[in-house]
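Before any comments, here is the structure.
The values are calculated or read from the model by the stated rules, or taken from the named source; none is laboratory data. Every value quoted in this text rests on a predicted model; they were computed, and no experiment measured them. Quick reminder, even Gly has a Cβ in these numbers, built from the backbone with ideal geometry, and neighbours come from all protein chains shown. Just so you know, the surface numbers come from the protein's heavy atoms only, side chains and all, with ligands and any DNA or RNA stripped out. Shrake-Rupley method; radii C 1.70, N 1.55, O 1.52, S 1.80 Å.
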Amino acid sequence: MCARNSIYTNPKPCKHLADYKLRHGFNTYDSIRNCLKTTPNGRTRVAKHTTKIPRCSFCDRYQGRLYFCLMCSSLWCPTHILLHTQSEKGHEVAIDMDRSELYCCLCCDQVYDPDFDKVVVCNQVKDLPGGSKSKTNRFEASGERSSKRKRLDSGIGLDLKKSKLLVSMRDRRAKSCYPLGLRGLNNLGSTCFMNSVLQALLHAPPLRNYFLNDRHNSVQCRKRSGEKLCLLCDIDAISSAMFSGDRTPYTPAHFLYSWWQHSSNLASYEEQDAHEFFISVLDGIHEKESKIRNSGKDDGDCQCIAHRAFSGLLRSDVTCISCGFTSTTYDPCVDISLNMDTSNLSSSNANKPIKPDEKTSASTLSGCLNLFTRAERLGSDQKLHCQNCQELRDSSKQLSIRRLPLVLCLHIKRVEHSLVRKISRKINQYMLFPFSLDMTPYLSSSIVRSKFGNRRFTFEYDNSNSSAAYEIFAVIAHSGMLESGHYVTYLRLKNQWYKCDDAWISEVDEGIVRASQCYMLFYVQKLLYNTNEDSSFVRISPRRDPFESTAGCSQCNKLMQARPAKDNSSNNFLG
C-alpha cells in the first residue's frame with residue numbers, strides 16, 4: 001500500500017496502445033472521423049452504420065455496450081471482445097461505441113490518448129451550430145478529456161462561444177428534467193464498482209437524509225478525532241456535491257484513497273467486486289461511528305447509520321430428523337445473498353442469457369427467496385449433535401427473516417463453482433424481479449405458522465403488513481465476463497428510471513432495467529419510498545432525524561415507533 005499511497009499518481013500508460021500507435025500512427029483516427037456523431041445533449045458516439053442496427057459479430061447481440069475494433073472494424077460485445085483479441089494478433093485496441101473512448105481489450109479498461117481526444121473534441125465543435133463542416137486537422141485544436149469523461153480544458157484553443165454552446169448543449173436536458181441528486185461520478189481507473197455502489201447508497205432515503213441533515217459534521221469530526229482521513233467525512237462530501245445542483249461529473253478521488261486505507265487488502269487499480277465493496281463501506285461506517293460514540297461493547301443495539309438502515313435479523317432452525325427437536329439461532333445481517341434458481345435449466349442454458357420476454361423457464365426473485373427459505377436436509381458429513389438425543393443425528397436446516405431492515409439489499413450470486421472441473425463461471429441468466437415486493441411470505445412468523453397448519457403464534461418481531469411492503473429504488477447490474485466486466489446503476493426517482501454509467505446519466509425505460517443482469521437489488525420500505533418521491537427538491541433543515549419524513553409524513557414516524565427493539569441475543573454486528 002505504501003507504494004501507491006499518493007492519490008495524485010496516474011496509472012502507467014497502456015503499452016498496447018503505444019505499440020498500436022507505433023505500428024499504425026494516426027491513420028485509423030483519421031478514418032473514423034466521419035463515423036463520430038454528436039447527439040443533441042453533446043455526447044459523441046460512433047455510428048458505423050446509419051441504417052443497420054449494430055450487433056456483435058459473434059453472438060449477434062445488439063443491446064448494451066459494443067466495441068469497434070480499430071484494426072478490422074468489426075463489432076463485439078463485452079463478453080466476446082477478449083476472444084477476438086486473443087484470436088487476432090494486433091487487435092488489442094477498440095473504441096467504446098456509446099462513449100467514443102479507447103478501450104484496451106487486454107488491460108480490460110478504458111485508456112486515454114490525447115491525439116484521439118483531439119479528434120473527438122474537434123468533431124464536437126464541428127457539429128455545433130455555426131461550427132465548420134470542413135475537415136479539421138487533428139493538430140488544429142488541443143485539449144484533453146479524462147479517460148472516462150469528455151471535458152473542455154481551460155487551455156483549449158477553441159472559440160469561447162463554441163465552447164459555451166457545447167457545454168450548454170450537453171447540460172440542457174439534465175438541468176431541465178433530471179431530479180436533484182443525479183450526478184455522474186468519474187471513473188478513476190476500473191472503479192465502476194465503487195461508483196455504482198455509491199450511487200445506490202447516496203440515494204437510499206435513510207442515508208440520504210442522514211447526510212443532508214448534517215448528522216455527520218466533518219469539521220467537528222476532525223476536531224474531535226484529529227484524523228485527516230475519515231470515510232464518513234468523504235461520504236458526506238460526496239453527498240453534498242451530489243445534491244448541490246451541479247451537473248458536472250464529480251471525482252471521488254479522496255474517498256477512494258480513504259477506502260484504500262480502511263481496506264488495504266482491496267487497494268489496487270484492478271476491478272473489485274461491488275458486493276464486497278458494499279460490505280466494506282458499511283463496515284467502515286460502523287467502525288468510525290463506534291469510535292465517535294465510544295461504544296466499546298457490541299451489545300446488539302448499534303445505532304450507527306449503517307445498521308439503522310440496513311440491519312436485519314435472520315433466524316436459523318436446525319431440526320433433528322429422528323426426534324424432531326429444533327435448535328434456533330439468530331444472526332444479524334446487512335444484506336441477503338440469494339442463489340439463482342437454475343433447477344429448470346440445463347448446464348448449457350444456465351450460462352446463456354435469457355431475456356424476460358422469451359417463453360422459457362427463467363429465474364425469478366420470488367423463486368430465489370423461496371429457495372433461500374426452503375428447508376434443506378444436511379448431508380451425512382454435516383451431522384449435528386442433538387440436545388434431545390444426545391448424539392450426532394441427521395438434521396435439516398431452514399432459514400427465515402425474523403426482522404426486516406428499512407433498506408433491503410438483495411445480492412444475487414452470479415458465480416457458479418464446479419468442484420469437478422475446478423473452474424468458476426458467471427451465470428448470465430436474466431432474472432425477473434418485481435418493483436413492488438411483499439416480504440411477508442419469507443418472515444419467520446409466516447414460515448413457522450405454515451409448519452403448524454397456520455396456527456397463530458406470538459412473535460417478538462412480528463412485522464406488520466405495511467413494514468413488509470417494499471419498493472425498489474436502485475439496481476446494480478453487471479455486464480461482461482467473470483474476469484472483466486462493467487457495473488452500472490439504475491436509479492428509480494419519482495417513478496422514472498435513470499441509468500448511472502460512471503460519469504454519464506441518462507433516462508431509460510423500465511424495460512431496460514428489467515432486461516439487465518441484476519447483481520444487487522435495493523428495496524426500501526414503501527412508506528419511506530413515498531417520502532423520497534415527495535422530497536426530491538425539498539431542502540432539509542439541519543440536525544433533523546434522518547428517519548423523519550422530509551415532507552411531513554406522519555406515517556413514517558409511526559413506522560419508526562412501531563419498529564421493535566433489537567434482540568439482546570444478537571450481539572455480532574458487522575465491523
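A few remarks follow.
- Surface share of carbon and sulfur [accessible, 1.4 angstrom probe, percent] for the stretch 193-290: 48
- A protection proxy built from the mean count of other Cβ atoms within 10 Å ranks the segments 66-73, 375-382, 188-195, most packed first, as 188-195, 66-73, 375-382.
- Cleavage-rule hits (chymotrypsin sites (Phe, Trp or Tyr not before Pro)) in the stretch 226-291: DSSP loop, at most 16 neighbouring Cβ within 10 angstrom: Y269
- Ligands, DNA and RNA are left out, and with a 1.4 angstrom probe the accessible area of the stretch 193-290 is 34 Å² per residue.
- Among 386-395, 326-335, the order from most to least packed when residues are scored by Cβ within 10 Å on average: 326-335, 386-395
- Positive minus negative residues near S322 (Lys, Arg vs Asp, Glu; Cβ under 10 Å): -1
- Averaged over residues, the count of other Cβ atoms within 10 Å places the peptides 178-187, 510-519 in the sequence 178-187, 510-519, highest first.
- Taking every alpha-carbon pair within the stretch 193-290, the share separated by more than 20 Å comes to 35 percent.
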